[in-house]
Amino acid sequence: MVCLGNICRSPLAEGILEQKAKTEGLPWMVDSAGTNNGYHVGEAPHQLSQKVAMQHDLDISTQCARAFVPEDFDRFDKIYAMSSDILTDMKRIAKRKFDAAKADLLLNELFPGENRDVPDPWFGEEPGYHIVFDMIDKACDKIIQRYSKAAASHKQSS
Ligand code: 4NP
């Protein structure tokens, strides 16, 4: 899960998907990163992301912001950008490691092919964080549905 600062949107996405995968018994490694490594590396998620997550019984306080690196394309099967500017950043940073088959916009899980962005709540107030939480939560439900079905059919055929 990738955004700009790795303190507002992508920590929520990491926490939400990790919690859902755990509930479903899916042994996934979920992580998040930011394409701007100059701002917030080493910081905990934004207070409002933490607050909104806590209202959904999700503790993201121990996450620590890190920079997105080209090697993330080696380590992960799927990499979701929160918005199209971030997808452009990922291409610029990853260069020849960029793998279009692994990268997508998160909201394309919810609205296939529409290339919608998760809005950046950084410059706004608390309501923006609730909107972002709900969007990410619904998109993560779709990810779980899709890949848990794929895992079940793989199990049946093997
Ligand atoms: P994020 O939000 O990409 O969702 O973590 C932002 C965090 C910090 C800044 C911009 C966006 N910033 O400009 O410092």
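The values are calculated or read from the model by the stated rules, or taken from the named source; none is laboratory data. Since the structure is predicted, the reported quantities are computational estimates derived from the model, not experimental observations. Reconstructed Cβ throughout: ideal geometry from the backbone, glycine too, with neighbour counts over all protein chains shown. Quick note on the areas: whole protein, heavy atoms, side chains included, nothing else; ligands and nucleic acids left out. Shrake-Rupley method; radii C 1.70, N 1.55, O 1.52, S 1.80 Å.
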Keeping to segment 123-158, report how many residues are modelled with pLDDT under 80 and open to solvent by 60 Å² or more (accessible area, probe 1.4 Å). 7
Taking only segment 101-127 into account, find how many residues are under 18 Å from ALA81 (Cβ atoms), within 16 Å of the ligand (Cβ to nearest atom) and among the charged types (D, E, K, R). 3
For segment 128-142, which positions are of a type outside the set (A, V, I, L, M, F, W, C), within 13 Å of the ligand (Cβ to nearest atom) and over 14 Å from MET54 (Cα atoms)? GLY128
Quick one: would you say ALA81 is within 13 Å of the ligand (Cβ to nearest atom) and in contact with a helix residue (DSSP H, G or I) (Cβ under 7 Å, 6 or more places away or on another chain)? yes
Can you list residue pairs whose Cβ atoms sit under 7 Å apart, with the first residue in segment 53-82 being touching a residue at least 24 places away in the same chain (Cβ under 8 Å) and under 27 Å from ILE131 (Cα atoms) and the second being in a helix (DSSP H, G or I) and among the hydroxyl-bearing types (Ser, Thr, Tyr)? Count only pairs 6 or more apart in sequence or on different chains. ILE60/SER49; MET82/SER10
Which of (1) over 13 Å from the mean Cα position of the chain (by Cα); (2) surrounded by 13 or more Cβ atoms within 10 Å (Cβ to Cβ); (3) free of Cβ contacts under 8 Å to residues at least 60 places away in the same chain is the odd one out, the single condition ALA100 does not satisfy? (2)
Looking only at residues in segment 4-34 that are of a type in the set (A, V, I, L, M, F, W, C) and assigned to a loop (DSSP other than H, G, I, E, B), which one is farthest from the ligand (Cβ to nearest atom)? LEU26
Confirm whether MET1 is crowded, with 22+ Cβ neighbours inside 10 Å and either within 14 Å of the ligand (Cβ to nearest atom) or within 21 Å of MET135 (Cβ to Cβ) (or both). yes
Subset tally (residues that are of a type in the set (Val, Ile, Thr) and closer than 30 Å to ARG96 by Cβ) for segment 49-78: 1
Conditions (1) open to solvent by 10 Å² or more (accessible area, probe 1.4 Å); (2) touching a residue at least 24 places away in the same chain (Cβ under 8 Å); (3) among the aromatic types (Phe, Trp, Tyr): number failed by PHE111: (2)
